[in-house]
Amino acid sequence: MKMQSRIVTIILLFCSLCIAQPCFAHKVRIFAWNEGDIIHTEAKFSGGKAAQNATVTVIESDTGKELLRGKTDTSGLFQFPLPDTKSPELNIVINSGDGHKNNWRYEITPTSPPTTAARLQQSVNTAQGKPETSISTNFSEQQLTTLMANMLEAKLGPIRRQLAEQQEREPSFQDILGGIGYIIGLAGIAAYMKSKKNEGDS
Amino acid sequence: MHISEGILSAPVLLTGGAITVVGTAMGLKNLDYDRIMTVAMFTATFFVASLIHVPIGPGNVHLILGGLMGIILGWGCFPAILTALFLQAIFFNYGGVIVLGVNTTTMALPALLCYFIFTPWIKKNGTKRKIAAFCCGFFSILLSSIFMAIALTTTDQGFMGTAKLVIAAHLPIMVIEGIITMFTVAFLSKVQPEFLGITE
């Protein structure tokens, strides 16, 4: 009977560890990338779960002035147009409301000619304005550049996202072993101190 | 459970720090030579347990094992949790060095309270011990959530908002920790009763 309950205990403990896959626990993180003039942000709890309904605040790094704020959607995404600012860097802060907060420094890089949707529409409209001529001759160099830049931005978006996502380092096996090593070392120091004290007493 | 840096106000940080200093001093004073290895072992367990994440409920929660540490270490849970949190802050960026005091308090104080409340029952045999162990695991997390909500009272969400959010997120982990604590205590009482201070 005693043996049986012991086996059951071990199995249950093991099962509970199996359900709970090792993962990188409760910390919120945010990363941002741009597609044209739109800055996308994605917020996640480390562990991969999207941070829903979390407050995102965009702050000018130079002045600390709050530019805009919003909430993430169900997949942890939040988009905003590139704000009109002179600051070379934006500080994007995420606060999930339960004591978790993090930030992402977004550097504003001078992008290729402004490629807003309006401008694209304009170039398409001009193209459609003269249907009798072939489209290829109808595009001016400027319009072609705009179109190509737009397409490139759309294609680069996912790559930028991936790059941004990878900048955060998750705890590795070495970190864990290192931490345990420290703990054993500290225990050694504590034991040494206590033994010295005991010697002094006797 | 780890509160990030830059959220709490100075008075909250100082209060947390003061409680941690007192608790750690008491813990180190009461630490016997023979118990050092036990404390270190549970520090390591706590350090690693937070990497085991439980994919249930609205949030993303991890094991804490505060109740178990409370039962076994008593006052020793303060230095143990402080050390583990410090290493987590450095290695994994959980929490932070400035909020270390508050984070230690939210996790170690409930563990200590559970130790004082439930130890008499742990020393008894049979069902009472099991119930006490379950309660220890369960209530240590519940109290931790409440302490966390108190610490976050001054933020935008206020006490009730945060409390609801945090307690809802940690409900599954309360039950899981209760069960784990119950089985671990049952197991230890058979194999290593001196760990629990039981003399049979």
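The values are calculated or read from the model by the stated rules, or taken from the named source; none is laboratory data. What you are looking at is a predicted structure, and each value in this text was computed from that prediction instead of being measured. Every residue, glycine as well, gets a Cβ built from its backbone with ideal geometry; the counts of neighbours run over all protein chains shown.
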List the number of the failed condition for B:S144; all other conditions in (1) within 13 Å of chain A (Cβ to nearest Cβ); (2) buried (at least 21 other Cβ atoms within 10 Å of the Cβ); (3) within 13 Å of B:I71 (Cα to Cα); (4) out of contact with any Phe, Trp or Tyr (no Cβ under 6 Å at 6 or more places or on another chain) hold.
(3)
In the stretch B:21-40, anything part of a loop (DSSP other than H, G, I, E, B), within 11 Å of another protein chain (Cβ to nearest Cβ) and surrounded by 13 or more Cβ atoms within 10 Å (Cβ to Cβ) is listed as B:L31
Within the stretch A:30-47, track down each residue that is modelled with pLDDT of 75 or more and under 16 Å from A:S172 (Cβ atoms).
none
Would it be correct to say that A:T85 is loosely packed, with under 13 Cβ neighbours inside 10 Å and either within 14 Å of chain B (Cβ to nearest Cβ) or closer than 12 Å to A:I59 by Cα (or both)?
no
Look at A:R161 and say whether it is among the basic types (K, R) and at pLDDT 80 or above.
yes
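From A:L120, A:L147, which residue is in contact with a Ser or Thr (Cβ under 9 Å, 6 or more places away or on another chain), hydrophobic (A, V, I, L, M, F, W, C) and modelled with pLDDT under 60?
A:L120
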So is A:K197 in a helix (DSSP H, G or I) and either surrounded by 12 or more Cβ atoms within 10 Å (Cβ to Cβ) or modelled with pLDDT under 80 (or both) or not?
yes
Being within 16 Å of the chain's Cα centre (by Cα) and free of Cβ contacts under 8 Å to residues at least 24 places away in the same chain is the filter here, so list the residues in the stretch B:112-131 that pass it.
B:F116, B:I117
